[in-house]
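Beneath this line is the structure, given in structure tokens, with notes to follow.
The values are calculated or read from the model by the stated rules, or taken from the named source; none is laboratory data. What you see is a predicted model; the values in this text were computed from it and never measured. Ideal geometry is used to build each Cβ from the backbone, glycine not excepted, and the neighbour counts take in all protein chains shown.
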Amino acid sequence: SIPLSFFSGIGFASKNGILIKGSNYLEALRSVDTVVFDKTGTLTKGVFNVTKINSVGISEENLLEYAAVAEANSNHPIAKSILSYYNKSVDLEKIESYEEIAAYGIKVGYNGEHILAGNEKLMRKENIFYSPAKEVGTVVYIAVNKVYRGYIVISDEIKEDSIDAIKHLKSMGIKEVVMLTGDNEKVANNIASQLGLDKVYSNLLPNEKVDKLEEIYEGRTEKEKVIFVGDGINDAPVLARADVGIAMGGLGSDAAIEAADVVLMTDEPSKISKAIEIATKTNKIVW
Ligand code: ADP
Ligand code: MG
């Protein structure tokens, strides 16, 4: 039988905007020693500003237009940010083909041209001769008809809540706070140092995020539980693998909310320590 304290814990958590899908997760939350965060939309706002446009052989305006065309059908925070900066409409009827490759970028056929918009991995995969950006930021490289046309640098901000959230987790005695990201090393390291994270892994594909989680599990006992927190875009496999997969419910995708064990109503990383606290305290209530 399930002790009443479990129900009170789940009920109290839900009053705090933390939806726990079962008493087993409440129990697991009591013995967490590692918290793994995704970056975009989880520790950062997921809202990027364009900070630099570097075009090659075409105008900056032209480059931006190619990027907007490529991103027009994507739901990724990068796409939304580029389109809002472009601030014009894209003629969707001219899109002849479309492929979004998770953690790489976009391939699109438009008005007789073939556009690539994505990271260095995409450029290498498509054999594009490009020159790497020097700026620190998330970089969208663009090629048209296999010819490199430049890059757009975009920057996201750390959520104000993330700083306290990490401090609080450390002060509670969480052994390791880790970040996994598909974004580049410069961006990842910059955030890790600002937040005082213990470990950071960058340039990861969705399946490589699962591999990293497996690595974290190695040499660990049943009593050392691992949380993964993500906004969900491409994160469903990692959410499912973690002892406690936590999805940001606000920005998060339906797939993530489905795959998660815990859903946060508001996208605040500080809810993680709150969830652990509630789980720990409700266990002490004697009925
Ligand atoms: P994160 O791990 O930070 O949540 P993702 O796994 O969603 O990031 O994406 C990893 C990287 O893949 C991005 O930083 C970007 O370089 C590239 N990428 C993903 N989607 C897009 C897109 N729609 N346009 C351009 N680049 C993209
Ligand atoms: Mg993500």
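Residues in region 219-240 that are within 15 Å of ligand 2 (Cβ to nearest atom), on the phi < 0 side of the Ramachandran plot and not aliphatic (A, V, I, L, M): F228, G230, D231, D235, P237. Looking across region 95-116 at every residue that is exposed (fewer than 13 other Cβ atoms within 10 Å of the Cβ) and more than 28 Å from the chain's Cα centre (by Cα), the one that is farthest from ligand 1 (Cβ to nearest atom) is identified as G112. Mind listing just one residue for me: the one in region 160-192 that is more than 16 Å from ligand 2 (Cβ to nearest atom) and part of a loop (DSSP other than H, G, I, E, B) and, of those, surrounded by the most Cβ atoms within 10 Å (Cβ to Cβ)? Result: I174.
Applying the condition of being among the hydrophobic types (A, V, I, L, M, F, W, C) and within 16 Å of ligand 1 (Cβ to nearest atom) to region 41-60 and asking which residue is nearest to the chain's Cα centre (by Cα) yields L43.
One residue stands out in region 117-143 among those that are more than 24 Å from I233 (Cα to Cα) and either aromatic (F, W, Y) or in contact with a strand residue (DSSP E or B) (Cβ under 9 Å, 6 or more places away or on another chain) (or both): the one that is surrounded by the fewest Cβ atoms within 10 Å (Cβ to Cβ), namely F129. Close contacts from region 32-57, counting a first residue that is touching a residue at least 40 places away in the same chain (Cβ under 8 Å) and a second that is aromatic (F, W, Y) and within 16 Å of ligand 2 (Cβ to nearest atom), with Cβ to Cβ under 6 Å and a gap of 6+ residues or different chains, come to V36/F228; L43/F37. Scanning region 71-78 for any residue that is on the phi < 0 side of the Ramachandran plot, out of contact with any strand residue (DSSP E or B) (no Cβ under 8 Å at 6 or more places or on another chain) and not assigned by TED's automatic domain parsing to the domain that holds V187 turns up at least one such residue.
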